[in-house]
Amino acid sequence: MSNVHPQETYDNKDVVYYDPNDPNAPQEYYDPNDPNYDPNTVPEIPGYEGWGYDPQTGAYIDPVTGTYVNPETGYAIDPTTGYSIDPVSGDFIDPETGQTFTAEEAAQANEEYAAEEARLKEQGVYYDGYNDYDDQEVDTSEYIDVKRAVKFSKPGGRQKSQSHFSGSEMRILWLERLDSRTRRKNWILFFLCMLGIVFMMIHLLVNWNSDTLEIEGTTGSAILLKFGIGFSTISALCALFDYYQLEVYTYRKYLKPQGEEVSELGWPVSFLVCFLAECAVIAIHPIPYVSDDKVGLLMFLRLYLIVRLIRDSSSVYHERHTIADKAYQDRGGPVFDWVLILRLTFDEIPGSCLTAMFLLLSLVCGFCNYICGREDPSSEQDFDYIKAVWGSAMLLSTGMPKQAASSSWSQAIEVLTVVLGSLMFAMVLAVIHNAVVLRPKDRYGMKCIGSIHRQEQLHKNSAILIQSWWRLLRMEKKNRITTQDYLDFSSVCTRHKRVHERLRVQEKSSIDPTMDTLLSLDKSFTDLKKDVSDIRIAQDIMVSRARELKLAQRH
């Protein structure tokens, strides 16, 4: 093999030094005349497939965020200086020492390093990768890459200390940034879905013919509005696909369990099932010349996206990455999903949640009942949206309709309203139950009161024991003590011991299995401590007896 860069032995290993100004310098021996050699080949590192590559810094470029990432440390770096970037202050951080520099200090250090290189070139001792260099041992503290002989360029020199900006913090930082992008995509999806609902409502109200009591779905304005609904639906489906693309990328990049195989053919099954279900809900809309106009009422199912917005606005959901990084799941913590966030929100403000839900269902169900009820010839002449909302509110709260349903659409909406009202009634009962039933804080107060009563009873029995003992001593001094007095004092001691044991058991008894286990361990440790104390006393006695025997033998 010819035209190989000079090499030498370092720590019993062959080290090849390349020109730091050569962006395509490989990390192995190569022959430029070899027809199979490609100097522009990107190094393959697991986990960075499909990323861009910067040959000057050796960093990989995230295709989603455009961030330069050092594959050896996983830190985001500045392509000009090679330092890690502090996401809060924007300062530069040495990933090895944790030393922080401003952009001006880093630029000054680079200028000083360039001047030092120019001075060495003038003196003829600068190593360019091809000429002979002084036979000096390579100092690993001066080089960021020993094989390429690329030096550190930073003020103050290299310090041998560990970085304070760990990889887990960088991972949490990127996850939080991806969460902000996810929230923005959710708002875009919600806006497009609500735009389709607005077009649907305008179509059902504008194209109503009060003379024929039907919706004219073949007029020019109706067709135009239906095409607008279809365009907004297609845009919403594209936004939904974009949202799930980001979710799958985040899962595969940062949240995938170790050892789980990644399928290159498609998304994970859990994401795919949810995506198809949401597509089926969002895709419902009145199709021109095909479906009934009242099919558009099913577009109100898109209001499920409000749940996702509530989830994204929760402070607990924002901090889930930091919480989960502290062995949260290993301790049995629940998954941070929309179900948990809804439970936390409802537990925090149940009254506001029930009020908002009742108003929203009354307005939506009232609009649906109005659209279907106005087609009935027997309906009242002054039947309008306000009366429909009032009837829906009564149907939700009492289950009694204000107007008889005539068409199949009216009957279906009436049944759906009654079902939703039953669910709301159950939630109201749950709130009342939680308000009436004794809370854990109240139970703790009762436990404290019981503990205080037991302490008072124990103090009382202890006072009786001390009083009996003092009376017994006085009787002994006066030589007036009898056998009955000793028996009475013995009975007092026995009674005190029984009361003490009973109160101690009541104080430490619990129906919590975890507490019972801890109390059992505490008892075991107490017995062990007592056994160790007895062993020490026995050892001291044996040592003292041995000394006495030894002294006796000497005499």
| Can you find even one residue in region 368-376 that is aromatic (Phe, Trp, Tyr), touching a Gly at 6+ places or on another chain (Cβ under 7 Å) and either outside any helix (DSSP H, G or I) or more than 30 Å from Ser180 (Cα to Cα) (or both)? | no
| Selection from region 263-306 of residues that are in a helix (DSSP H, G or I), more than 22 Å from Ser232 (Cβ to Cβ) and either at pLDDT 95 or above or open to solvent by less than 40 Å² (accessible area, probe 1.4 Å) (or both) | Phe271
| Mind checking whether some residue in region 389-403 is surrounded by fewer than 12 Cβ atoms within 10 Å (Cβ to Cβ) and within 18 Å of Leu204 (Cβ to Cβ)? | no
| query | Can you tell me which residues in region 348-362 are without any contact (Cβ under 8 Å) to a residue 40 or more places away in the chain and more than 19 Å from Val415 (Cβ to Cβ)? | reply | Glu348, Ile349, Ser352, Cys353, Thr355, Ala356, Leu359
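Is it fair to say Arg471 is farther than 30 Å from Cys365 by Cβ, over 49 Å from the mean Cα position of the chain (by Cα), modelled with pLDDT of 80 or more and outside any helix (DSSP H, G or I)?
no
The values are calculated or read from the model by the stated rules, or taken from the named source; none is laboratory data. Note that the structure is predicted; figures quoted are calculated from it, not measured. Cβ coordinates were reconstructed from backbone atoms using ideal geometry, including for glycine residues, and neighbour counts include every protein chain displayed. Keep in mind that these areas ignore ligands, DNA and RNA; they rest on the heavy atoms of the full protein, side chains included. Shrake-Rupley method; radii C 1.70, N 1.55, O 1.52, S 1.80 Å.
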